[in-house]
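The values are calculated or read from the model by the stated rules, or taken from the named source; none is laboratory data. Worth saying up front: this structure is predicted, and the values here are computed from it rather than measured. All Cβ positions, even for glycine, are placed from backbone atoms using ideal geometry, and neighbour counts span all protein chains on display.
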């Protein structure tokens, strides 16, 4: 088996991500691997060409990014004793694309992420970041489904 020395953990700060983090933490401890924690901020629908009185989309984007950075800081502080060498990144862009770029940049051995398990119309509308990462990653990807989600065939 190939040595696992760097694990990229992608989070959206949901319960699903928290559940997946337990696996990432266990693997990092087992293999004494460095942890890279990533969150990607996606911009909301851009309505700049429409007249919407008294709304600054630039301000909304800045607030969302500031909120994400605070959530990341809180998350990392909570786990700092178990992961003293962890690095974290909050990036803007398309989630699967940014996760793959950071994985390549950090020479990641493994990507760990939760999956919401969307199907049908929800999957069609929202897509699946995890699915795209699995299909396009150059390293193994561990996707973790929450225990309360029944499997559908």
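Could you grab me the full set of residues in the range 109-129 that are touching a helix residue (DSSP H, G or I) at 6+ places or on another chain (Cβ under 8 Å) and either assigned to a strand (DSSP E or B) or at pLDDT 70 or above (or both)? Spell out how you get there, then give the answer.
So the first thing to find is which residues in the range 109-129 are touching a helix residue (DSSP H, G or I) at 6+ places or on another chain (Cβ under 8 Å), and the list is 110-116, 118, 129.
Within the range 109-129, 110, 111, 112, 113, 114, 115, 116, 129 meet the criteria.
Scan the range 143-153 and give yes if some residue there is at negative phi, part of a loop (DSSP other than H, G, I, E, B), surrounded by 10 or more Cβ atoms within 10 Å (Cβ to Cβ) and modelled with pLDDT under 85, otherwise no.
Filtering the range 143-153 for residues at negative phi gives 143-153.
From what's left, part of a loop (DSSP other than H, G, I, E, B): 145-153.
Subsequent filtering for residues that are surrounded by 10 or more Cβ atoms within 10 Å (Cβ to Cβ) retains 145-146, 149.
Subset that is modelled with pLDDT under 85: 146, 149.
Yes: the range 143-153 contains one or more residues that are at negative phi, part of a loop (DSSP other than H, G, I, E, B), surrounded by 10 or more Cβ atoms within 10 Å (Cβ to Cβ) and modelled with pLDDT under 85.
Go through the range 78-99 and give me each residue that's assigned to a helix (DSSP H, G or I) and closer than 15 Å to residue 42 by Cβ. Before the answer, list the steps.
Taking the range 78-99 as the starting set, the residues that turn out to be assigned to a helix (DSSP H, G or I) are 78, 95-99.
Once the filter is applied, which keeps residues that are assigned to a helix (DSSP H, G or I) and closer than 15 Å to residue 42 by Cβ, the range 78-99 yields 95, 96, 97, 98, 99.
Take the range 1-43 and flag every residue that is under 18 Å from residue 131 (Cβ atoms) and in a strand (DSSP E or B).
8, 9, 10, 38, 40, listed by residue number.
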